[in-house]
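Beneath this line is the structure, given in structure tokens, with notes to follow.
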Amino acid sequence: MQVGFIGLGAMGNAMANNLLKAGFALTVYNRTCAKADALVDKGADLAKTPAEAAQGEMVITMLADDAAVESAVFARDGVLEALSPSAIHISMSTISVALAERLTNAHRAKKQGFVSAPVFGRPEAAAAAKLYVVVAGVPEAVQRCLPLFDVLAQRSFVVGHEPPKANLVKLNGNFLIASVIEALGEAFALVGKAGIDRAQFLDVLTNTLFGAPIYKTYGGLISEERYHPAGFKAELGYKDIRLALAAAEALKVPMPLASLIATRLLTLIAQGEGHLDWAALAKLAAQEAGLGLASLEPVAPGQ
């Protein structure tokens with residue numbers, strides 16, 4: 001099967017590499033061509049435009065935001081103009097529900113297939129082929145995509161026939177992750193100020209009430225203050241919470257906690273730390289509690 005892959009960031013590069021290892025004929029595109037070098041050395045073909053990457057049976061987009069996806073798809077040398085009627089665009093990016101609707105309609109008008117398949121998992125999960133894929137689309141198109149998802153993920157969840165539904169599930173999931181991070185950050189600030197060992201606190205949490213992977217992953221990052229390099233940047237988290245709020249507004253669903261978290265992430269960004277992992281919400285909580293990082297000693301007045 002000839003597959004195109006557009007977007008070779010930390011997630012996309014790992015995913016494309018797994019498709020290559022599985023034997024798919026792969027054509028890759030990235031705005032910064034150097035990011036494709038390692039994949040080309042392993043046998044991938046290099047496309048000079050998104051359109052060149054969309055010549056096969058399927059093309060995957062794994063890009064940072066709506067603007068990047070719009071550019072790759074709707075530009076004159078983009079996916080929409082190049083994809084054949086029998087081919088499928090698989091959008092694995094975390095994008096707005098509104099853009100997913102636009103993509104659905106645009107591909108339908110061209111008689112092309114379109115499947116939304118955003119993922120849960122950080123770069124290390126992508127490298128290990130342990131992602132979770134949330135899928136929505138016409139059943140026949142989804143069925144054709146499953147062999148790719150089997151290579152990339154430990155499980156796929158089909159949530160409907162309308163592609164935007166997958167994007168709404170993904171945005172809601174990211175809202176919940178951010179809620180966990182904020183709660184953990186505040187809890188760690190409290191025990192830290194009381195002088196309780198953070199590693200012990202994490203051990204208690206994850207071996208009693210909160211044994212889910214999300215608590216272990218982000219609790220570990222917070223306990224050890226590992227916010228750089230980012231597995232998922234705070235600025236991208238802010239983007240996703242805003243997209244969740246936009247979807248909520250369209251459906252007339254109040255989300256006061258999401259509004260709070262958006263403000264918290266914006267505060268982190270305003271302090272020049274949007275490049276940090278969004279687990280750095282805990283850094284913000286520690287600072288507000290009067291704690292210095294690393295030592296976790298109370299900050300003296302005036303410092």
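All of the numbers you see were taken from the coordinates with simple rules; none came from a lab. The structure displayed is predicted, hence computed values, not measured ones. Neighbour counts are summed over all protein chains in view; Cβ atoms, including those assigned to glycine, are modelled from backbone coordinates with ideal geometry.
The table below lists the values:
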quantity	calculated
Amide H contacts of Val135 (H built 1.01 Å from N, under 5 Å, at least 5 apart or other chain)	Phe157, Val158, Val159
Residue-by-residue Karplus 3J(HN,Hα) for the stretch 281-289, coefficients 6.51, -1.76, 1.60, Hz, glycine and proline x	3, 5, 5, 4, 4, 5, 4, 5, 7
DSSP bridge pairs, the stretch 2-162: antiparallel proportion in percent, nearest 5	10
Long-range amide H partners of Phe232 with built H, under 5 Å	Trp278
Net +/- balance of residues flanking Arg242 in space, Cβ distance below 12 Å, scoring K and R +1, D and E -1	-4
Scaled radius of gyration (Cα, divided by 2.2 N^0.38 Å) that the chain gives	1.06
Value of relative contact order over the stretch 92-158, rounded to a whole percent, pairs C-alpha under 8 Å and six or more apart	28
With Cα atoms, 0 to 90° folded angle of helix 97-109 axis to the chain main axis	0
Ranked Met15, Met58, Met1, criterion: other C-beta atoms within 10 Å, fewest first	Met1, Met58, Met15
Normalised contact order of the chain, rounded percent, pairs of Cα under 8 Å and 6 or more residues apart	14
Span from the the stretch 1-17 Cα centroid across to the the stretch 109-126 one, whole angstrom	11
Whether the stretch 20-112 is rounded, prolate or oblate, judged on the alpha carbon gyration tensor where a/c under 1.5 counts as rounded	prolate
Which listed pairs, of Lys111/Lys170; Lys165/Lys252; Lys165/Lys239, have C-alpha distances above 21 Å, in listed order	Lys111/Lys170
The stretch 168-288, Cα convex hull volume normalised per residue, Å³	101
Rounded to whole Hz, the Karplus (6.51, -1.76, 1.60) HN-Hα couplings of the stretch 231-247, x for glycine and proline	x, 8, 5, 4, 5, 6, x, 4, 4, 5, 5, 5, 5, 5, 5, 5, 5
Value at 222 nm in deg cm²/dmol, rounded to 500, when DSSP H runs of n ≥ 4 in the chain each add -39,500 (n - 2.57)	-16000 deg cm²/dmol
Relative contact order of the stretch 168-288, defined on C-alpha pairs under 8 angstrom at six or more residues apart (%)	40
With Cα atoms, 0 to 90° folded angle of helix 10-21 axis to the chain main axis	50
Phi to ³J(HN,Hα) by Karplus 6.51 cos²θ - 1.76 cosθ + 1.60 over the stretch 29-43, Hz, x for Gly, Pro	9, 8, 4, 8, 4, 4, 5, 8, 4, 5, 6, 5, 4, 8, x
